[in-house]
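Asks: Below are the structure tokens for one structure; questions will follow.
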Amino acid sequence: MIIVRIIVISDTHRHQVDLIDRMIEIEKPDLILHLGDNVEDGEKISKIFGIETIIVKGNGDFNSDYLYDRILEVEGKRIFMTHGHRYNVKKSHMSLYYKGLKTDADIVLYGHTHVPINVKEEGIIIMNPGSPSLPRQRERIKTIGLIEINGDITTKIIEMK
């Protein structure tokens, strides 16, 4: 069975050096998803690694033509991706849970808070990869997300070194 590996990043804010170094150490993904707050970083990372990168814009991407929300199908799994600022995610991720129900998503991805989360709410995986440059959780650990799809879905938060 084919395993599809997806790296999920958000909130790079023009500080992608540590991220690039860490990605060199990780087994090459099939796809990169950038959840905004600096879409140009997503474009640069795509060029450096030669990997398709799907990008949504965040609240800091004022002049971007990218969409705020995207839905993708990967190996029969639906992924809803957004930056999150339009869904009040600093208070709760429940509005994204309901968006996941409405869009029939298997996975809901968001950023904006700079705090990693990887939970399953009644069958929907909700992930925020945190930030590889400006973390805001108490430990201030820089993080990214990893999704593996091989019929089942496995997700995890990867700490930067």
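Laboratory data are not the source of any read-out in this text; all were calculated from the coordinates shown. Everything numeric in this text was worked out from a predicted model, so none of it was measured. Note that we place each Cβ from the backbone using ideal geometry, even for glycine, and neighbour counts take in every protein chain shown.
Asks: As a quick test, which of the pairs Lys99/Lys156; Lys44/Lys77; Lys102/Lys142 have an alpha carbon distance above 25 angstrom in this structure? Spell out each step's value before the answer.
Replies: Values: Lys99/Lys156 21 Å; Lys44/Lys77 27 Å; Lys102/Lys142 31 Å.
The answer is Lys44/Lys77; Lys102/Lys142.
Asks: Quick check: residue separation of Asn88 and Gln137 times 0.36 nm, minus the Cα distance between them. What number comes out in nm?
Replies: Working: separation 49, 0.36 × 49 = 17.64 nm, distance 1.76 nm.
Extra length from Asn88 to Gln137 when fully extended: 15.9 nm.
Asks: Convert each backbone phi in region 82-89 into a coupling constant with the Karplus relation 6.51 cos²θ - 1.76 cosθ + 1.60 (shift: θ = phi - 60°), then list the ³J(HN,Hα) values in order as whole Hz, x for Gly and Pro.
Replies: Here the 3J(HN,Hα) series is 7, 6, x, 5, 8, 10, 6, 6 Hz.
Asks: Still on this structure, I have one more. Sequence gap at least 6, Cα distance under 8 Å: using those rules, report the relative contact order of the chain to the nearest whole percent. Present the calculation step by step, with values, prior to reporting the outcome.
Replies: Details: 383 pairs, mean separation 39.3, N = 161.
It comes to 24 percent, rounded to a whole number.
Asks: Moving on to the next point. Check which residues have an amide H placed less than 5 Å from Val8's amide H, if you skip close sequence neighbours.
Replies: Leu33, Gly145, Leu146, Ile147
Asks: Long-range amide H contacts for Gly36: which residues qualify at under 5 Å (H placed 1.01 Å from N, peptide plane, sequence gap of 5 or more or a different chain)?
Replies: Asp11, Val56
Asks: Next up: What list do you get for Met23, Met81 if you sort them by fewest beta carbons within 10 Å?
Replies: Details: Met23 23, Met81 27.
By the 10 Å Cβ count, ascending: Met23, Met81.
Asks: Hey, got the Cα dimensions of region 52-129 along the principal axes, in Å, largest first?
Replies: Computed over region 52-129, the largest-to-smallest principal extents equal 36, 30, 20 Å.
Asks: Please build a GNM for the chain, connecting alpha carbons under 10 Å apart, and tell me which residue among His112, His13, His34 fluctuates the most.
Replies: His13
Asks: Let me ask something else about it. Determine ³J(HN,Hα), in whole Hz, for all residues of region 121-130 in sequence, where each value follows from phi through the Karplus function 6.51 cos²θ - 1.76 cosθ + 1.60 and θ = phi - 60°; x replaces Gly and Pro.
Replies: Taking θ as phi minus 60°, the curve returns 10, 6, x, 10, 7, 10, 10, 10, x, x Hz for region 121-130.
Asks: While we're here: When all C-alpha to C-alpha distances in region 99-138 are sorted into bins of 5 Å, what percent of pairs does each bin hold, rounded to whole numbers?
Replies: Bin by bin from 0 Å, the calculated values are 7, 25, 27, 18, 13, 8, 2.
Asks: Here's another thing I want to ask about it. If you take all C-alpha pairs in the chain, what percent of them are over 26 Å apart?
Replies: On the way: 2236 of 12880 pairs.
Above the 26 Å cut-off, the chain has 17 percent of its Cα pairs.
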